[in-house]
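Inspection log for the structure reproduced underneath, given as C-alpha cells.
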Amino acid sequence: MEVFCGIDWAEDHHDIALVDVGGQLLARRRISDGAAGLAALLELLAEHGDSAEDPVPVAIETPRGLLTACLRATGRKVYPINPMAVARYRDRHSVAGRKSDHGDAVVLANILRTDLHAHRPLPADTELAQAIAVLARAQQDAVWARTGAHNKLRSHLREYYPGFLGAFADTRGGITRPEARVILAAAPAPAVAAALTLTQLRSLLRKAGRRRSIDAEAARLREAFRAPQMRQLPLVEQAMGRQALALLRQLDAACAAADDLEQAVIESFNQHPDAGIITSFPGLGPLTGARVLAETGDYRSRFQDAKGLKAYAGAAPITRASGKTTAVLHRRVKNQRLAAAGYVWAFAALTASPGARAHYDRRKDGGDRHAAAQRNLFGRLLGCLHHCLATGQHYDENTAFPAPTPTAHAKAA
C-alpha cells in the first residue's frame, strides 16, 4: 500500500497528514519543532510502512529548515511545494475557501498522491555542494546588502558633501574603496576634509592599504576637498556628518561580510570535483562558478536535458499561444540567483571568448536587443556546461562555437 505524507510547516509546530493511494486519511498528528517532534514523525511513518528500502515521500511548503534537512538525511524524497500552488490545490477540496493547518497537510499529501510526476523533489546533492550553496547565497546576499548600504550613503552624501563624491567619482569602486571609507571616517564633514593636510592624507591612505602613488593621490584629494562647493548650515552639516558615520558603519560591515564570505566560497568551491570543469568556461571564475554550482547542484539526474536547465535559469523563452495569436517571451518565473550569475557570466564571456562574442553579435544583427542576445548566449553556455558536466569534459572553444560552414554561394565566389 502506497502512503504519502504532507507536512504543514510552522515555526513552533508542524501538522502531519498521511493518506493512502485511494485518498483515505490514515493518520494525522501535530508535532513540535525539535528532536522530539522529528522522532514522533519518523515513528508515525514507520507505523505505516516506512522503511529504508521504501521510504514514504513527503511534501512540504519550504525547501529549507532543520526539519527538511533531517528528512533529506533519511534518504527519502522531499517535495517542496510552492505555497501558491498549494492554494490552488486547496480549491479542489473546498469551494468554500476553508483553510486550516490540518487541511493544508492533507492537501499536500494529496498533491503527491495525484500529481507526483508533476513535481520535482529536492536534489540529492552532496554535502560539499550544499555547503557551497549556503556560502554562495550568503555572499550574494552580502553583495546585495553592500550595494544597498552604498546607495544609502551616497544618497546622503549628495545632500551635504558633494565634494567627497566628486573626489572618488572616477575611481573604481567609488566610495566603497577602503581609502574612501577611511577618509570619510576621519572627515565626515566638508569643513573637516578641507582642513586635512598632505601629511594627514598620506597617513590615511597608508592606513587604508594603499602602497603606490600616495603623494600624488594625497595632493589630488586635498585639491578636491578644498574646491568650492555648496554647503549646509554648520550645525546641520555636523548633524549630517554624524548620520554619515552611522551609514558608513553599515557599509563597512557589509563590505567585510562580502569579502569574508567570498574567501570562504572560493575555498570550498576549489575542493569540489566539478570546479575544474566549471572554471574552464570563459567568463566563469571561482566566485561566479560557485554561484552557478550552488543553484544547479551536483546531482546529475536533477536535469535530464539542457532544456530543463535553461528553463530553470530563465534562459529559455516561453511561448504563449491562443487561437491565431502566438507570442514568444522571456521567462520571468526562474531561479533569480542563477539568472543574476548568468548575466555576469555571459557579460564576461564576451571578452574572454571569440565564439561567444560572435554569437552575441549574430543575435544582435538578427534583431535581438542587448538583454535578449545576452540571455541567448547564457542559454548556449548553459547547454555546453550541462554536456561537459555529464560527460566529464572541459570546455573547448571550437566545439562550443564551431566556425560557420561556408554557403554554396560563397564557395562559388
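The values are calculated or read from the model by the stated rules, or taken from the named source; none is laboratory data. Being a predicted model, the structure only gives us computed values, none of them experimental. Note: ideal-geometry Cβ built from the backbone for every residue, glycine included; neighbour counts use all protein chains shown. These area figures cover heavy atoms from the full protein model, side chains too; ligands, DNA and RNA do not enter into them. Shrake-Rupley method; radii C 1.70, N 1.55, O 1.52, S 1.80 Å.
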Q) Can you name every residue in the stretch 204-254 that is within 24 Å of Arg172 (Cβ to Cβ), acidic (Asp, Glu) and touching a residue at least 40 places away in the same chain (Cβ under 8 Å)? A) Asp252
Q | The listed residue being in a helix (DSSP H, G or I), under 34 Å from the mean Cα position of the chain (by Cα) and surrounded by fewer than 19 Cβ atoms within 10 Å (Cβ to Cβ), out of Ala244, Ala257, Ala224, Ala216 | A | Ala257
Q) Is it fair to say His119 is modelled with pLDDT under 90, farther than 18 Å from Glu11 by Cα, in contact with a strand residue (DSSP E or B) (Cβ under 8 Å, 6 or more places away or on another chain) and surrounded by 15 or more Cβ atoms within 10 Å (Cβ to Cβ)? A) yes
Q) How many residues, within the stretch 267-284, are surrounded by fewer than 18 Cβ atoms within 10 Å (Cβ to Cβ) and either in contact (Cβ under 8 Å) with a residue 60 or more places away in the chain or aliphatic (A, V, I, L, M) (or both)? A) 3
Q.
With the condition being open to solvent by 90 Å² or more (accessible area, probe 1.4 Å) and either out of contact with any helix residue (DSSP H, G or I) (no Cβ under 9 Å at 6 or more places or on another chain) or of a type outside the set (Ser, Thr, Tyr) (or both), I'd like the helices (runs of 4 or more DSSP H) fully within the stretch 319-413 carrying at least 2 qualifying residues.
A. 336-352, 354-365, 408-412
**Q.** Considering residues of the stretch 93-107 that are of a type outside the set (Lys, Arg) and part of a loop (DSSP other than H, G, I, E, B) only, the residue most open to solvent (accessible area, probe 1.4 Å)
**A.** Val95
**Q.** Answer from Lys307, Lys334 - the residue that is in contact with a Gly (Cβ under 6 Å, 6 or more places away or on another chain) and among the basic types (Lys, Arg)
**A.** Lys334
Q: Being without any contact (Cβ under 8 Å) to a residue 40 or more places away in the chain and part of a loop (DSSP other than H, G, I, E, B) is the filter; apply it to the stretch 302-318 and report the residue that is surrounded by the most Cβ atoms within 10 Å (Cβ to Cβ).
A: Pro317
(Q) Can you tell me which condition Asn110 does not meet? The list is (1) closer than 24 Å to Arg28 by Cβ; (2) surrounded by fewer than 16 Cβ atoms within 10 Å (Cβ to Cβ); (3) not charged (D, E, K, R), and all the others hold. (A) (2)
Q: Having 1 or more residues that are open to solvent by 20 Å² or more (accessible area, probe 1.4 Å) and in contact (Cβ under 8 Å) with a residue 24 or more places away in the chain is the bar; report the strands (runs of 3 or more DSSP E) wholly within the stretch 1-83 that clear it.
A: 3-9, 13-20, 25-32, 78-80
Q. How about the stretch 188-213: which of its residues are closer than 22 Å to Tyr160 by Cβ, surrounded by fewer than 18 Cβ atoms within 10 Å (Cβ to Cβ) and among the hydrophobic types (A, V, I, L, M, F, W, C)?
A. Ala191, Val192, Ala194, Ala195
Q.
Criterion first (charged (D, E, K, R) and either within 34 Å of the chain's Cα centre (by Cα) or in a helix (DSSP H, G or I) (or both)) does Arg90 satisfy it?
A. yes
Q: Looking at (1) of a type in the set (Val, Ile, Thr); (2) more than 21 Å from Thr288 (Cα to Cα); (3) modelled with pLDDT of 85 or more, find the lone condition where Val344 falls short.
A: (2)
**Q.** Top-ranked residue of the stretch 173-187 - restricted to ones that are of a type in the set (A, V, I, L, M) and open to solvent by less than 20 Å² (accessible area, probe 1.4 Å), ranked as farthest from Gly209 (Cα to Cα)
**A.** Ala187
Q. Is it the case that the stretch 25-36 has a residue that's of a type in the set (Asp, Glu) and closer than 17 Å to Leu116 by Cβ?
A. no
